[in-house]
Amino acid sequence: MRRFLIAGNWKMNCGPADAAELLEGLKENKAEVADEVDVLVCPPFVSLSMSVNYLHDTDIQVGAQNLHFEDNGAYTGEVSASMLVEAGCAYVIIGHSERREYFGETDETVNKKVKKALSADLVPVICCGETLDQRKAGDHFDLVKTQITAAFAGLSADEALDTVVAYEPIWAIGTGETASPEQAQEMHAHLRSVLADLYDEDTAEGIRILYGGSMKPGNAEELLGQKDVDGGLIGGASLKADSFAEVITIAEKLSA
Ligand code: 13P
């Protein structure tokens, strides 16, 4: 069984003061003693350093929500991989649907960013997922295959093993609507087979595939209970210490 990764994507929430409060709550909820589960929080850029400092005596890791694929230079408003490493990040979310929709992220920029993250020893959390219309049209399997094939272009099997994939159906993000456990498992198994075709079975088995889209304490057990669901990328429910800690506890129990 793969080790669960429970990740919180805070999106554009929690500057340093709110971040301190949320992390304090997480510590109180004892999420840091989740021995059997990897835990990650992804605050906005301005809260990264303080989050790393705040969590230094815990097992909770910190990741960013984006990076630029160039090393440095005249790219106003952007942040490089080495800057994230210097801030203490271990992970970086890449290609979230909100970045694809609002900030012009494409399969090509996702691929460049994945390569840059890996070259800096950051673990990329590579997002994919379909809209409701694409699902209704029956295009969802082909679409995520295209996204994942592009994201992994030029990566060796060893590099692929240093990545995490997140399946986030856009219709389930922030909507309160969740993929059913069967829908999640079906798509995760498909992603696993896409990765096996790109590499081999062992490599595909070694890559964690997270589910994201309204995951919360009330549905985490059945989603995480699916064979190919290796964790969660959690938005709304990661902004409350008790609900995020509860999901971690559920993952911990399922790992036992
Ligand atoms: P919600 O959990 O708020 O639906 O967000 C999911 C997500 O986009 C995580 O990256």
Within region 12-32, residues assigned to a helix (DSSP H, G or I) and either over 11 Å from ASP59 (Cα atoms) or free of Cβ contacts under 8 Å to residues at least 24 places away in the same chain (or both) come out as PRO16, ALA17, ASP18, ALA19, ALA20, GLU21, LEU22, LEU23, GLU24, GLY25, LEU26, GLU28
Can we say PHE244 is crowded, with 22+ Cβ neighbours inside 10 Å, away from the ligand (no atom under 16 Å from the Cβ) and modelled with pLDDT of 95 or more?
-> no
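Residues checked against (1) out of contact with any strand residue (DSSP E or B) (no Cβ under 7 Å at 6 or more places or on another chain); (2) at pLDDT 95 or above; (3) under 30 Å from HIS190 (Cβ atoms); (4) among the hydroxyl-bearing types (Ser, Thr, Tyr):
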site: SER80; (1), (2), (3), (4): no, yes, no, yes
site: LEU84; (1), (2), (3), (4): no, yes, no, no
site: TYR91; (1), (2), (3), (4): no, yes, yes, yes
site: ARG100; (1), (2), (3), (4): yes, yes, yes, no
site: THR109; (1), (2), (3), (4): yes, yes, yes, yes
site: LYS113; (1), (2), (3), (4): no, yes, yes, no
site: LYS116; (1), (2), (3), (4): yes, yes, yes, no
site: LEU122; (1), (2), (3), (4): no, yes, yes, no
site: ILE126; (1), (2), (3), (4): no, yes, yes, no
Candidate set: region 156-189, residues that are within 22 Å of GLY138 (Cβ to Cβ) and acidic (Asp, Glu); chosen: the one nearest to the ligand (Cβ to nearest atom) = GLU168
Of the residues LYS253, LYS227, which is outside any helix (DSSP H, G or I), away from the ligand (no atom under 15 Å from the Cβ) and either surrounded by fewer than 16 Cβ atoms within 10 Å (Cβ to Cβ) or not basic (Lys, Arg) (or both)?
-> LYS227
Between residues in region 88-99 that are within 17 Å of LEU210 (Cα to Cα) and residues that are more than 13 Å from the ligand (Cβ to nearest atom) and among the β-branched types (Val, Ile, Thr), which pairs lie under 6 Å by C-beta distance while being six or more apart or on different chains?
-> TYR91/VAL123; ILE94/VAL110; ILE94/VAL114; GLY95/VAL110
Within region 185-217, can you find the residues that are closer than 15 Å to ILE6 by Cβ and outside any loop (DSSP other than H, G, I, E, B)?
-> ARG208, ILE209, LEU210, TYR211, PRO217
Looking at GLU221, is it over 26 Å from ALA20 (Cα atoms) and either out of contact with any strand residue (DSSP E or B) (no Cβ under 7 Å at 6 or more places or on another chain) or within 15 Å of the ligand (Cβ to nearest atom) (or both)?
-> yes
Could we say that ASP133 is part of a loop (DSSP other than H, G, I, E, B) and surrounded by fewer than 24 Cβ atoms within 10 Å (Cβ to Cβ) here?
-> no
Provide a single number: the residues in region 230-241 that are under 15 Å from ASP38 (Cβ atoms) and either acidic (Asp, Glu) or near the ligand (Cβ under 10 Å from one of its atoms) (or both).
-> 5
In region 191-220, how many are touching a Lys or Arg at 6+ places or on another chain (Cβ under 6 Å) and not small (Gly, Ala, Ser)?
-> 2
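The values are calculated or read from the model by the stated rules, or taken from the named source; none is laboratory data. Computed from a predicted model, the values in this text were never measured in an experiment. No Cβ is skipped: glycine too gets one built from the backbone with ideal geometry, and neighbour counts run over all protein chains shown.
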